[in-house]
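The values are calculated or read from the model by the stated rules, or taken from the named source; none is laboratory data. Bear in mind the structure is a predicted one, so any value in this text is a computation, not a measurement. Here the Cβ is made from the backbone with ideal geometry for all residues, glycine too, and neighbour counts use every protein chain on show.
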Ligand code: G3H
Ligand code: 13P
Ligand code: ZN
């Protein structure tokens, strides 16, 4: 058993309180490898932003959970070396069982998500409550979820979102004791969040997706005022990356994300955590494709992963400064 406190990590309690008061959201960036982690930490130190490092099931399979935990421990030291001891949370993204959440708590994660959103309501409550009871004994914070995001793998349109039902949230919080709640108001995972036929074209001919359901968010905030809300699936899918990827041999079709101004608006509300993964994937892929096309004889991974890391850092800085408002909060 390792406590996250020994590793220099923090849970989300204090950070969410400050985010709520300050009207900003803390970035939750997924990482799977060293370059992503370096970019996240460097960007957040340079912009003086707190950060949540997220480990998904896919990341655990790809990189190994133990290794990722040591990397997060290293991130704390790396931030200090770069000159600022920013608050860093190590968070399990989309935990799907009690056993997985327990194993993360036991090995030094400071926050876990138990995602029972696909289960019938009562089963989601029971599973979430079980995780909260264990995690809270170790002062680890817990994120639960109500409502289901449409996923790219489902190949479904926005009509298939199961939006969060505001009438359930108070009961869910009371029965489970979660510290934050992920909700479904129209965001979705991956780079293809909307079909073109769901979008309209603005004056510049750019596809504009249907707006997020801020009316549902407002209803939820009325039911649970001051309670930290989480938005998953919040990549904006910058079109310059999509164009670069396609220009250099990629085949990304109809990749459309959440407009930044909607995320800015959400960050000013009770939304205290915004999850971003796909945008980082796009930034890295765009830069690597560009280098492969420009320098076909290059075979030193540092020569393409290094510039990809720089590109990622700039993307994350842009998020903290211009989208989430978390810059200059440390
Ligand atoms: O919510 C999903 C995240 O983007 C992680 O995805 O399981 O492919 O790492 P992944
Ligand atoms: P994106 O696919 O929009 O980056 O969402 C990531 C996410 O929600 C991770 O939990
Ligand atoms: Zn997610």
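For residue 326, work out the one condition from (1) within 26 Å of residue 207 (Cβ to Cβ); (2) buried (at least 21 other Cβ atoms within 10 Å of the Cβ) it doesn't fulfil.
So residue 326 meets the others, but not (1).
Consider only pairs whose beta carbons are under 7 Å apart and that are at least six residues apart or on different chains; among these, list those whose first residue lies in the range 255-267 and is free of Cβ contacts under 8 Å to residues at least 40 places away in the same chain and on the phi > 0 side of the Ramachandran plot and whose second residue is buried (at least 16 other Cβ atoms within 10 Å of the Cβ) and assigned to a helix (DSSP H, G or I).
Cβ pairs passing all conditions: none.
So, residue 40, is that one touching a strand residue (DSSP E or B) at 6+ places or on another chain (Cβ under 8 Å), at pLDDT 95 or above and not in a helix (DSSP H, G or I) or not? Lay out the reasoning, then the answer.
Numbers: touching a strand residue (DSSP E or B) at 6+ places or on another chain (Cβ under 8 Å): yes; at pLDDT 95 or above: yes; not in a helix (DSSP H, G or I): no.
So residue 40 does not fit the description; no.
Looking only at residues in the range 263-282 that are within 12 Å of ligand 1 (Cβ to nearest atom) and either in a loop (DSSP other than H, G, I, E, B) or within 12 Å of the chain's Cα centre (by Cα) (or both), which one is nearest to residue 22 (Cα to Cα)?
275
Please work out if residue 74 is in a helix (DSSP H, G or I) and within 16 Å of ligand 2 (Cβ to nearest atom). Steps first, please.
Working: in a helix (DSSP H, G or I): yes; within 16 Å of ligand 2 (Cβ to nearest atom): no.
No; evaluated as a whole, the condition is false for this residue.
For the range 134-141, state whether one or more residues are in a strand (DSSP E or B) and touching a helix residue (DSSP H, G or I) at 6+ places or on another chain (Cβ under 8 Å). Spell out the reasoning first.
Pass one, the range 134-141, residues in a strand (DSSP E or B): 141.
Now narrow it down to the ones that are touching a helix residue (DSSP H, G or I) at 6+ places or on another chain (Cβ under 8 Å): 141.
For the range 134-141, residues in a strand (DSSP E or B) and touching a helix residue (DSSP H, G or I) at 6+ places or on another chain (Cβ under 8 Å): present.
For the subset of the range 142-168 comprising residues that are modelled with pLDDT of 95 or more and surrounded by fewer than 23 Cβ atoms within 10 Å (Cβ to Cβ), which member is nearest to residue 116 (Cα to Cα)? Steps first, please.
If we filter the range 142-168 for residues that are modelled with pLDDT of 95 or more, which is where we start, we get 142-147, 163-168.
Now restrict to residues that are surrounded by fewer than 23 Cβ atoms within 10 Å (Cβ to Cβ): 147, 163, 165-168.
Details: 147: 9, 163: 15, 165: 15, 166: 17, 167: 18, 168: 14 Å.
Among them, the one singled out is 147.
Any residue at all in the range 314-326 that's under 22 Å from the mean Cα position of the chain (by Cα), more than 30 Å from residue 169 (Cα to Cα) and not in a helix (DSSP H, G or I)?
The answer is no; no qualifying residue exists.
Read through the list (1) under 23 Å from residue 136 (Cβ atoms); (2) part of a loop (DSSP other than H, G, I, E, B), then give the number of the only condition that residue 53 fails.
Failed condition: (2).
Looking for something in a strand (DSSP E or B), within 15 Å of ligand 2 (Cβ to nearest atom), closer than 30 Å to residue 268 by Cα and touching a strand residue (DSSP E or B) at 6+ places or on another chain (Cβ under 8 Å) - is there at least one such residue anywhere in the range 10-27?
Let us first name the residues in the range 10-27 that are in a strand (DSSP E or B), namely 26-27.
Then drop every residue that is not within 15 Å of ligand 2 (Cβ to nearest atom), which leaves 26-27.
Next cut, closer than 30 Å to residue 268 by Cα only: 26-27.
Next, from what is left, pick out any that are touching a strand residue (DSSP E or B) at 6+ places or on another chain (Cβ under 8 Å): 26-27.
Looking through the range 10-27, at least one residue is in a strand (DSSP E or B), within 15 Å of ligand 2 (Cβ to nearest atom), closer than 30 Å to residue 268 by Cα and touching a strand residue (DSSP E or B) at 6+ places or on another chain (Cβ under 8 Å).
Taking only pairs six or more apart or across chains, which ones have beta-carbon atoms under 8 Å, a first residue in the range 56-69 that is under 13 Å from residue 30 (Cα atoms), and a second residue that is assigned to a helix (DSSP H, G or I) and within 13 Å of ligand 2 (Cβ to nearest atom)?
68/59
On the given criteria, is residue 205 at pLDDT 95 or above, surrounded by fewer than 24 Cβ atoms within 10 Å (Cβ to Cβ) and on the phi > 0 side of the Ramachandran plot? Break it down into steps so the answer makes sense when it comes.
Working: at pLDDT 95 or above: no; surrounded by fewer than 24 Cβ atoms within 10 Å (Cβ to Cβ): yes; on the phi > 0 side of the Ramachandran plot: yes.
No.
Inside the range 102-130, can you point out the residues that are in contact (Cβ under 8 Å) with a residue 12 or more places away in the chain, in a helix (DSSP H, G or I) and away from ligand 1 (no atom under 16 Å from the Cβ)?
Kept after step one, since they are in contact (Cβ under 8 Å) with a residue 12 or more places away in the chain, are these residues of the range 102-130: 102-118, 121, 124-125, 127-130.
Among the residues that remain, those that are also in a helix (DSSP H, G or I) are: 102-106, 121, 124-125, 127-130.
Correct list: 102, 103, 105, 106, 121, 124, 125, 127, 128, 129, 130.
Considering only the range 283-313, state which residues are out of contact with any helix residue (DSSP H, G or I) (no Cβ under 9 Å at 6 or more places or on another chain) and in a helix (DSSP H, G or I).
294, 301, 302
Of (1) more than 16 Å from ligand 1 (Cβ to nearest atom); (2) in contact (Cβ under 8 Å) with a residue 60 or more places away in the chain; (3) crowded, with 16+ Cβ neighbours inside 10 Å, residue 75 satisfies all except one. Which?
With respect to (1) more than 16 Å from ligand 1 (Cβ to nearest atom); (2) in contact (Cβ under 8 Å) with a residue 60 or more places away in the chain; (3) crowded, with 16+ Cβ neighbours inside 10 Å, residue 75 is out only on (2).
Go through the range 224-262 residue by residue and tally those that are part of a helix (DSSP H, G or I) and surrounded by 15 or more Cβ atoms within 10 Å (Cβ to Cβ).
Filtering the range 224-262 for residues part of a helix (DSSP H, G or I) gives 239-247, 260-262.
Checking which are surrounded by 15 or more Cβ atoms within 10 Å (Cβ to Cβ) leaves us with 241-242, 244-246, 260, 262.
Number of matching residues: 7.
Does residue 286 meet the test of being buried (at least 22 other Cβ atoms within 10 Å of the Cβ) and either free of Cβ contacts under 8 Å to residues at least 60 places away in the same chain or away from ligand 1 (no atom under 16 Å from the Cβ) (or both)? Show your work before the answer.
Values: buried (at least 22 other Cβ atoms within 10 Å of the Cβ): yes; either free of Cβ contacts under 8 Å to residues at least 60 places away in the same chain or away from ligand 1 (no atom under 16 Å from the Cβ) (or both): yes.
It is true that residue 286 is buried (at least 22 other Cβ atoms within 10 Å of the Cβ) and either free of Cβ contacts under 8 Å to residues at least 60 places away in the same chain or away from ligand 1 (no atom under 16 Å from the Cβ) (or both).
Residues that are touching a helix residue (DSSP H, G or I) at 6+ places or on another chain (Cβ under 9 Å) and within 16 Å of ligand 2 (Cβ to nearest atom): does the range 321-329 have at least one?
If we filter the range 321-329 for residues that are touching a helix residue (DSSP H, G or I) at 6+ places or on another chain (Cβ under 9 Å), which is where we start, we get 322-329.
The next check asks that each one be within 16 Å of ligand 2 (Cβ to nearest atom); those that pass are 323-324.
Among the residues of the range 321-329, at least one is touching a helix residue (DSSP H, G or I) at 6+ places or on another chain (Cβ under 9 Å) and within 16 Å of ligand 2 (Cβ to nearest atom), which makes the answer yes.
Filter the range 13-35 down to the residues that are touching a helix residue (DSSP H, G or I) at 6+ places or on another chain (Cβ under 9 Å) and surrounded by 24 or more Cβ atoms within 10 Å (Cβ to Cβ) and list them by number.
Initial filter on the range 13-35 (touching a helix residue (DSSP H, G or I) at 6+ places or on another chain (Cβ under 9 Å)): 19, 23-27, 29-35.
Across the range 13-35, the qualifying residues are 19, 24, 25, 26, 27, 29, 31.
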